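Okay, structure first, notes after.
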Amino acid sequence: MKLFMGLSFHYSGSIARPELLPELIDEVRDIAKVHHWDVHEFEREFPEGAFGKDEFNQDVYGVVFSPPECEPVWICFLSNGRISSPMHLQFWGEAKEPPESEYLYMISVKTQYAGIEIHQFVIDLFRYLSEKYFSSFELKDEGEYWETNDIEVLKANFNKYTSLMNSFTSALEIIPKVSGESLEEYFLRLMKMIRDRGDKEV
């Protein structure tokens, strides 16, 4: 199903030093306001002695902004300094064993409907922030712009995902669910048909 969720990027890491947090929040907030994007601040200072620990409290530190038609971009941390979000804390804050315990620190942002320009800008912003504020930072870009810094590669990937999503939507409209077929069987059949059609067109 991942192919049809829309083009996204995924990231993890930590803030390099706790004293950088207020400056980071202010800079991201100002950038968001220049673009007239919704922005929200969380706590601005880490509690003393919490940074770098395995455990964490129930507060969130940092800032989040939302470009048009884009999922929220979380520049947020737990009290131990690792990137997370309020939703991740709610869903996986109590998890003790992997892989669930690592989901707490893995953020995904879908940009499919926001478009190429916003995707490019947000990735470039992460390039800048990662050098200035982050440590142990990793980003996986389904548009491959982070990895290649090539706008033509990004455009090609956006077109690919758009085509796949359009094919999936068309299939939902014209291929009904068979009586007695489970939802899993139905979607697997749809995806196979779409992939087979794509192979024939290549």
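Just so it is clear, none of the values below were taken in a lab; they were calculated from the coordinates. Keep in mind the model is a prediction, meaning the values are calculated, not measured. Please note: Cβ atoms are built from the backbone with ideal geometry, for glycine as well, and neighbour counts cover all protein chains shown.
Quick rundown of the values:
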quantity: Computed magnitude of the charge dipole of the range 48-172 (debye, nearest 20; Cβ of K, R +1, Cβ of D, E -1); calculated: 180 debye
quantity: Rg/Rh (Cα only; Kirkwood hydrodynamic radius) as it applies to the range 1-126; calculated: 0.97
quantity: 21 Å tail of the calculated P(r), the range 57-169, as % of Cα pairs; calculated: 44 percent
quantity: All-pairs alpha carbon distance profile, the range 33-91, 10 Å steps from 0, percent; calculated: 23, 48, 22, 6
quantity: Kirkwood-based shape ratio for the range 81-127, expressed as Rg/Rh from alpha carbons; calculated: 1.11
quantity: Percentage of interatomic Cα-Cα distances in the range 1-54 larger than 16 Å; calculated: 61 percent
quantity: P(r), alpha carbons of the range 106-159 - 5 Å bins starting at zero, rounded %; calculated: 4, 20, 32, 25, 13, 5, 0
